[in-house]
Amino acid sequence: MVLSNLTVSANTNLSPQAPRDVDVLTWVTIMMQLDYLVDQLSITNATLTITQGTTIACYNDTGFLITDGSSINSVGSPNVPNWITRYSSVQEQPVSLLGLYGSSPSSAFPVNPYHAINAPSGQFRFTKFTCPAGGGTHLYHGQSNWAYSNLLVQDCEFWNGTSDFRGYNSTTANLNNNLFVRSIVSSERPHIGSQVYTNDCLSLSNNLIWNAAFTFRPNNANSNLWLAFNNDFDNCTFGINTPCVNGYNAYINCNKQLNPTNANNVVTTKRFGVPVRSSGGLLPTDE
C-alpha cells in the first residue's frame, strides 16, 4: 500500500498487509515482504500505531511526519519485529523513487518529529531500522522543532545510517538494550551561538554500539541529566565528549572513553580473549 503526501488526524493503526510465505524454506529463498511504502505521511493530533510484524519502506525524504500533539508507537516482538527501512533496501528492480522533493538517499528521514508548538512523543520497541550506506537518518531528536517531548527506544536494532538524540529544552530520551551496527550515534550539544538547553535528559543503558562513530556531548546545564551505564562500545570512535554521569561501560578497541573515566569501566583490545582487528572483525551477531 502506498501512503504518499497525506495528512491523518485520527488515530491510525498500520498492520501487516502483504501475504507471508508460511512454507518451510531456506533463508536464501525468503525475501522481505513490504506492507507499506510511505512518503510525507503527516500525523497531527493523533496516535500512529505500527503493530507487530509490520514492514515499512520510505522514499528518500521524510516518511512519517509526526507533528503537534501526536505520537508514534512502533512495538513489535522478539520473534516478529517491525521493520522501518528504505525502499532501495528491498526492491528488485532498478527503479528510482525520488520522493516528493527529489531528495538523495543521504537526505532521508523515515520518522521526522517536526512540530510548531506541542512536541510529539515516540515509542519504539523491537523495531529494526535499516538503510544502505549513506542512507540518511533513522531517528532524529534534536533542536526546538524537531524533538520529541518523550522518546523511548528499547530492544531495537539500527543498521547503517545515523541517529541524533541531542534533544531540546525539557525533553527526555531513553535508549535501552539496543544494537547499533555501523550506525552513527550523535548526541551533541547545539553550536548555534550561545544557545543552552535546559532540563534535557538523555539516558543510555545496556546498549551495544559496534564499529560506529559516537558523540555524547551535553552542555553544562544538563551534564547531570545525561547518563550512560552498562553499555558496550566495540570498535567505536569517540568525538569530543563533555562530562556526563557514566560508569560500568565496556570499551573494546576504542580511541577513548566517556568523560570522566570511571574505575568500574572495562577497557580492552580483546573480545572473548581474542585481539580485535581495527576493522572490527566479526559482526556481534556472528559470535
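Just one of the listed residues (R125, R182, R166) is under 27 Å from N220 (Cα atoms) and not hydroxyl-bearing (S, T, Y), namely R166. Within region 84-94, identify whether any single residue is at pLDDT 95 or above, surrounded by 18 or more Cβ atoms within 10 Å (Cβ to Cβ) and part of a strand (DSSP E or B), and answer yes or no. The answer is yes; a qualifying residue exists. Can you pull out every residue in region 42-56 that is in contact with a Ser or Thr (Cβ under 6 Å, 6 or more places away or on another chain), within 14 Å of P16 (Cα to Cα) and in a strand (DSSP E or B)? Listed by number, the list holds a single entry, I50. Considering region 201-232, and only residues there that are over 18 Å from the mean Cα position of the chain (by Cα) and part of a loop (DSSP other than H, G, I, E, B), the residue that is farthest from N249 (Cα to Cα) turns out to be N219.
Just one of the numbered conditions (1) at pLDDT 80 or above; (2) farther than 18 Å from S4 by Cβ; (3) in a loop (DSSP other than H, G, I, E, B); (4) of a type outside the set (A, V, I, L, M, F, W, C) is not true of Y114; which one? Tallying (1) at pLDDT 80 or above; (2) farther than 18 Å from S4 by Cβ; (3) in a loop (DSSP other than H, G, I, E, B); (4) of a type outside the set (A, V, I, L, M, F, W, C), Y114 fails exactly one: (2).
Tally up the residues in region 233-247 that are in a loop (DSSP other than H, G, I, E, B) and among the β-branched types (V, I, T), please. Break it down into steps so the answer makes sense when it comes.
So the first thing to find is which residues in region 233-247 are in a loop (DSSP other than H, G, I, E, B), and the list is 235-236, 239-244.
Checking the rest, the ones that are also among the β-branched types (V, I, T) come to 240, 242.
Total satisfying the criteria: 2.
Kindly evaluate Q143 against the criterion of being polar (S, T, N, Q), closer than 19 Å to S71 by Cα and surrounded by fewer than 17 Cβ atoms within 10 Å (Cβ to Cβ). It is true that Q143 is polar (S, T, N, Q), closer than 19 Å to S71 by Cα and surrounded by fewer than 17 Cβ atoms within 10 Å (Cβ to Cβ).
A single entry from N73, N5 fulfils the requirement of being modelled with pLDDT of 95 or more, assigned to a strand (DSSP E or B) and not aromatic (F, W, Y): N73. Kindly indicate whether any position in region 109-116 is closer than 23 Å to P218 by Cα, crowded, with 23+ Cβ neighbours inside 10 Å, out of contact with any helix residue (DSSP H, G or I) (no Cβ under 8 Å at 6 or more places or on another chain) and not charged (D, E, K, R). The answer is yes; a qualifying residue exists. Taking the criterion of being part of a loop (DSSP other than H, G, I, E, B) and either of a type outside the set (S, T, Y) or modelled with pLDDT of 95 or more (or both), the residues of region 184-200 that qualify are R189, P190, H191, I192, G193, Q195, V196, N199, D200.
Restricting attention to region 220-247, the residues being surrounded by fewer than 18 Cβ atoms within 10 Å (Cβ to Cβ) and polar (S, T, N, Q) number 6.
The values are calculated or read from the model by the stated rules, or taken from the named source; none is laboratory data. From a predicted model like this one, the values you see are computed outputs, not experimental measurements. All Cβ positions, even for glycine, are placed from backbone atoms using ideal geometry, and neighbour counts span all protein chains on display.
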